[in-house]
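J.: Here you go, one structure.
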Amino acid sequence: MIYLDYNATTPLIPQARRAMIEAFDCLGNPSSVHTHGREARKLLEKAREQVADYFRLPTRNVTFTSGATEANNIIARGFEGNIFVSAVEHDSVLNIRSDATIIPVNNDGLVNLEALEELLNSTQAPVLVCVIAVNNETGVIQPIDDLLHLCNKYKAHLHVDAAQAIGKIELNWSLLSSFTISAHKFGGPKGIGALIINAPLHLNTLIKGGGQERGLRAGTENIIGAMGMGAALTAPQFNWETLLPLQEHLEKSLLNISPDAIIFSKAAQRVSNTTAIALPGVLSEVQLMHFDLNNISVSSGAACSSGKVKVSHVLKAMNVEDDVAKCALRISTGWNTTQDDINEFINAWTSLLEMKHQKDIKRVRYA
Ligand code: PMP
């Protein structure tokens, strides 16, 4: 089996697995004052320190959550004030507030800075601007420093969904008002993430209860997950840039074989592990099935909704025609991806194209 769906989730790295196994034997509840409780607290705080150290931030800024979805919800729902979200946000930001103002993007999926400036100029504080650092569907990298500059100019807060950014790009983490991460996107376990808050945001808390996580996220903490996430950030980091030759080889080959294929955001700066491509005339679900039959796991745009394949709101926002967007495929690579995997994918793409041609020929014959 060939796995080319790292943006959906990544394999667990051994260091994270080991740290989690160690944590399984931890009996106590970190909120208990007795020895067992204190031992559990020690593990949890060790994990918090590992996360904080990775971003060179104080531990008090780190709140553990069940993932990026929850972290984004805490911010977007909890923020009292006006909220602007880019049109290419993950659903966990885009569909949270009915009163959110949408920031348009250009045809490459980059935030329109002039439109944002106009919005900021005409809106009363407090304002929260939410922008995804690396798009999960196209891999496009947003100009976060320019956004920071704009937000500072208008005294707005900037929240960054960095779920797909960790290890792939560096950001001025301490200058962001807040950002979210999700462990399973960088070799950690699923079901754990963090919300990192650097600015005084005055949030309405969503999950009320025992007051854990400084009152921001009640509920007994997931120590095992936190240890796995901490270990994934402490382990020697994979250099995602090494995937660039594979990306270049893949894209060049696919365009050679099928000149009518469209690679989205090709003109913009993208991370080296993501290729979003459409093969007009072949629906995404047909492509997915074909690759699955060839033992290759890929995705059609976002995989986050229960196995449903729908036209991507990201591509729609980029003015991609529905007919083309319906034929989109996402290939996302990672540390176990080899040149052979990419060649296998290219072979399967070639056989898909042959099938398409045969169907087209039949259609012409019977027309
Ligand atoms: N934001 C982005 C950019 C993502 O790619 C994802 C995962 N697809 C999420 C948020 C949600 O993360 P999680 O599944 O950990 O809640």
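The values are calculated or read from the model by the stated rules, or taken from the named source; none is laboratory data. It should be emphasised that the depicted structure is a prediction, and the values quoted were computed from it without experimental measurement. Ideal geometry is used to build each Cβ from the backbone, glycine not excepted, and the neighbour counts take in all protein chains shown.
J.: Which members of the range 54-73 meet the condition of being more than 12 Å from the ligand (Cβ to nearest atom) and not in a strand (DSSP E or B)?
T.: 54, 55, 56, 57, 58, 59, 60, 61
J.: While we're on this one: List every residue pair whose Cβ atoms sit under 8 Å apart, with the two residues 6 or more apart in sequence or on different chains, where the first one lies in the range 207-220 and is in the same structural domain as residue 192 (by TED's automatic domain parsing) and the second, anywhere, is basic (Lys, Arg) and outside any loop (DSSP other than H, G, I, E, B).
T.: Going by the 8 Å Cβ cut-off, the qualifying pairs are 214/60.
J.: In the range 230-339, which helices (runs of 4 or more DSSP H) lie fully inside it and hold 3 or more residues that are under 30 Å from residue 15 (Cα atoms)?
T.: 244-257
J.: Of the residues 107, 112, which single one is touching a residue at least 60 places away in the same chain (Cβ under 8 Å) and away from the ligand (no atom under 16 Å from the Cβ)?
T.: 107
J.: So, one more: Please enumerate the residues belonging to the range 178-212 that are outside any loop (DSSP other than H, G, I, E, B) and among the basic types (Lys, Arg).
T.: Result: 185, single match.
J.: Also, quick follow-up: If you go through the range 74-96 one residue at a time, how many are within 16 Å of the ligand (Cβ to nearest atom) and touching a residue at least 12 places away in the same chain (Cβ under 8 Å)?
T.: Going through the range 74-96 one residue at a time, the tally reaches 15.
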